[in-house]
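Reviewing the structure listed below.
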Amino acid sequence: MSLIELFLGKKFPFKFIYSDDYWMADLGKHVFPVRKYRMIYEKLLSMGAKKENFLEPSPVSDEDLLLVHAAKYLKKLKTGILSHSEIQTLEIPYSEDLAKFAWLYVGGTVLAAQQALKDGLCVHIGGGFHHAFPDHGEGFCVLNDVAVALEKLKHEGLIQKAMVVDCDLHQGNGTAAIFAQKDYVFTFSIHQMDIYPADKPSSSLDVGLWSGDGDDKYLAALKEHYPRLYRKFKPDLVFFVAGADPLEGDQLGGLTVTKAGLFKRDKIVIEWARRMKIPLAVVFAGGYSSDVRDSVAVHINTIKVAQKVMRRF
């Protein structure tokens, strides 16, 4: 264990949301590495995290899901009557365990958002399934956890405005479509243009980059808008979709951002939110490195940034 890990492990100033049941969605040799959740959890334990640093989520209620998702779609997921084309669009094999996993990860992001309002920041070791639409799933995403959590908190009067800072490699098409006509949500997406999804519904602000753009263009584009957008919109809560897939060598993309570049990305998003005392719910989205340990390292770096920032602000 390195000195920095020993230092960071002395105290965790926020909670993690995690469940061993995230393993239930066994996708076999699929490119989506479900095992990364457990690897992140074990890495945090090696850094000094204790059981009490983790909160166990419960499956989200159908009532909460209906704030975003269509009843007909939820019934299809529960009964397993998705059509062949719907499963093809989802791009992962349907199973009863997959549906249970989806209900559980949405519950995890709901809990992370609730805890962020209490503590100022919370990290969900999961979530970020931003390609799910109200009536169907896409791109490995069954249910849109961020959208459901945001609408639930708004419905309960816990927040009036929220911002989604989506830094996954892929444009958050489901999230953009869900909130397109809702002025109490600002959706920001910085993503690679020349990859999935082909159809990119407009976010409140989209920043499109191209294969090979790398650290300098990526960070310059982000700095152009942050902290400006925090100051302008003044959200009550930020959902940070901290994807690991902009990383160089990712199997599904080509932005070629380095680990150091993603560390700086996280610092911009997290530090400015904390400076302005805006609660932040962090969710871990995509990451498809050939060696899953590279994706895990990016997610752990996000946690290290959050720890440093929370100690300062």
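The values are calculated or read from the model by the stated rules, or taken from the named source; none is laboratory data. Treat the numbers as computed from the prediction; the structure is a model and nothing was measured. Every residue, glycine among them, receives a Cβ derived from its backbone with ideal geometry; neighbour counts consider all protein chains shown.
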Starting from the stretch 254-274, keep only residues that are touching a residue at least 60 places away in the same chain (Cβ under 8 Å) and closer than 15 Å to residue 213 by Cα, then list their pairs with residues that are surrounded by fewer than 18 Cβ atoms within 10 Å (Cβ to Cβ) and of a type in the set (S, T, N, Q) whose Cβ atoms are within a distance under 9 Å, requiring at least 6 positions of separation or different chains.
254/211; 255/211
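Tell me, yes or no, whether the stretch 186-200 has at least one residue that is of a type in the set (Phe, Trp, Tyr), farther than 29 Å from residue 40 by Cα and out of contact with any Cys (no Cβ under 6 Å at 6 or more places or on another chain).
Yes, because at least one residue in the stretch 186-200 is of a type in the set (Phe, Trp, Tyr), farther than 29 Å from residue 40 by Cα and out of contact with any Cys (no Cβ under 6 Å at 6 or more places or on another chain).
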Need the failing condition index for residue 268 against (1) closer than 24 Å to residue 104 by Cβ; (2) out of contact with any Gly (no Cβ under 7 Å at 6 or more places or on another chain), just the number.
(1)
Give me the residue from the stretch 2-31 that is at pLDDT 90 or above and not in a helix (DSSP H, G or I) and, out of that set, farthest from residue 251 (Cα to Cα).
13
Somewhere in the stretch 6-23, is a residue polar (S, T, N, Q) and under 20 Å from residue 297 (Cα atoms)?
yes
Does at least one position in the stretch 51-71 carry a residue that is touching a Ser or Thr at 6+ places or on another chain (Cβ under 8 Å), in contact (Cβ under 8 Å) with a residue 40 or more places away in the chain and either under 21 Å from residue 133 (Cα atoms) or among the aliphatic types (A, V, I, L, M) (or both)?
no
For the stretch 284-297, enumerate the residues that are touching a helix residue (DSSP H, G or I) at 6+ places or on another chain (Cβ under 6 Å) and under 19 Å from residue 238 (Cβ atoms).
284
Cβ-Cβ below 9 Å, separation at least six or inter-chain, first residue in the stretch 157-178 and without any contact (Cβ under 8 Å) to a residue 40 or more places away in the chain, second assigned to a loop (DSSP other than H, G, I, E, B) and among the hydroxyl-bearing types (Ser, Thr, Tyr): which pairs?
171/196; 171/203; 176/202; 176/203; 176/204
Yes/no for residue 108 being in a loop (DSSP other than H, G, I, E, B), within 18 Å of residue 21 (Cβ to Cβ) and among the small types (Gly, Ala, Ser):
no
Tell me the residue from 302, 256 that is in contact with an Asp or Glu (Cβ under 6 Å, 6 or more places away or on another chain) and on the phi > 0 side of the Ramachandran plot, please.
256
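This table checks each residue for (1) surrounded by fewer than 16 Cβ atoms within 10 Å (Cβ to Cβ); (2) touching a strand residue (DSSP E or B) at 6+ places or on another chain (Cβ under 9 Å).
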| residue | (1), (2) |
| --- | --- |
| 39 | no, no |
| 50 | yes, no |
| 55 | no, yes |
| 63 | yes, no |
| 84 | yes, no |
Please tell me if residue 264 is more than 17 Å from residue 130 (Cβ to Cβ), within 18 Å of the chain's Cα centre (by Cα) and not hydrophobic (A, V, I, L, M, F, W, C).
yes
Would you pick out the residues in the stretch 259-294 that are closer than 16 Å to residue 223 by Cα and β-branched (Val, Ile, Thr)?
268, 269, 270
Can you list the helices (runs of 4 or more DSSP H) found entirely within the stretch 129-244 that contain at least 3 residues being surrounded by fewer than 17 Cβ atoms within 10 Å (Cβ to Cβ) and at pLDDT 95 or above?
214-223, 228-233
Is it fair to say residue 286 is modelled with pLDDT under 95 and either hydrophobic (A, V, I, L, M, F, W, C) or assigned to a loop (DSSP other than H, G, I, E, B) (or both)?
yes
Test each condition in (1) without any contact (Cβ under 8 Å) to a residue 12 or more places away in the chain; (2) within 22 Å of residue 196 (Cβ to Cβ); (3) not charged (D, E, K, R) for residue 81 and report the one that comes out false.
(2)
